[in-house]
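Asks: One structure follows; several queries about it will come next.
Quick note: the coordinates plus some simple rules give every number you see, no bench work behind them. Just so it is clear, the structure is predicted and the values come from calculations on it, not from any experiment. Every residue, glycine among them, receives a Cβ derived from its backbone with ideal geometry; neighbour counts consider all protein chains shown.
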């Protein structure tokens, strides 16, 4: 038996597109799941918004091609909010979902990294680096301080420390290590904003459902 889904794409159209679901995805999808599917000549990410028993479209129905996330990105409360925003602001539901959801939601997050450098022990740079003064200055400095430091601190010696350090590592003079750089956000403070806002009954209903989940 065929299984169909209605998908909303982040495009400026109110059209909802119907696709067939291959067997391997049938136990993994739900309303709020993001999938990729052919839209025109390209594959586009959309959100499943329904499971029609019988498609209205009478032409050839294409298959979804992949599942973006291992679980739905929308729960019932957020889905209600998106539906309400789409109706209230006369905006295609796919565009509302794109606005509500974080832009980097499905991409693998990779924290910023900083490079740490240290000199390898028992190496003499006098003869080996006599023709490369920039390299020699870095090795001599690291051997003198005898500790690991960020590569950026070597800018006092050379203008392009990372390039020089990569060369030195290949030659066996130093060791480079990439470590995660956690941003310091302690300096960010914001003055509280106090403003009385009146909501309609439908808006308040959505807020009453969302606030406990945000505070949980």
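Asks: For segment 4-100, what size does the Cα cloud have along each of its three principal axes, sorted from largest down, in whole Å?
Replies: Extents along the principal axes, in whole Å: 35, 27, 26.
Asks: Okay, next question. Calculate how many DSSP beta bridges within the chain are antiparallel, expressed in % of all such bridges and rounded to the nearest 5. Could you put the intermediate results ahead of the total?
Replies: Values: 24 of 25 bridges.
Antiparallel: roughly 95 percent of the beta bridges in the chain.
Asks: When 179, 139 are ordered from fewest to most other Cβ atoms inside 10 Å of their Cβ, what list results?
Replies: Ordered from fewest to most neighbouring Cβ atoms within 10 Å, 179, 139 come out as 179, 139.
Asks: Taking only the alpha-carbon positions of the chain and ignoring solvent, what does the Debye formula give for the base-10 log of I(q)/I(0) at q = 0.12, 0.14 Å⁻¹?
Replies: -0.78, -0.88
Asks: Give the order of 43, 34, 26 when sorted by the count of other beta carbons within 10 angstrom, beginning with the fewest.
Replies: Fewest-to-most ranking of 43, 34, 26: 26, 43, 34.
Asks: Same structure, new question: Once you have a ≥ b ≥ c as the square roots of the Cα gyration tensor eigenvalues for segment 12-68, tell me rounded if a/c is under 1.5, and otherwise prolate or oblate according to whether a/b is larger than b/c.
Replies: Since a/c stays below 1.5, the shape of segment 12-68 is classed as rounded.
Asks: At q = 0.23, 0.24, 0.26 Å⁻¹, what log₁₀ I(q)/I(0) does segment 58-102 have when each alpha carbon counts as one equal point scatterer in the Debye sum?
Replies: Summing over Cα pairs of segment 58-102 leads to -0.86, -0.88, -0.92.
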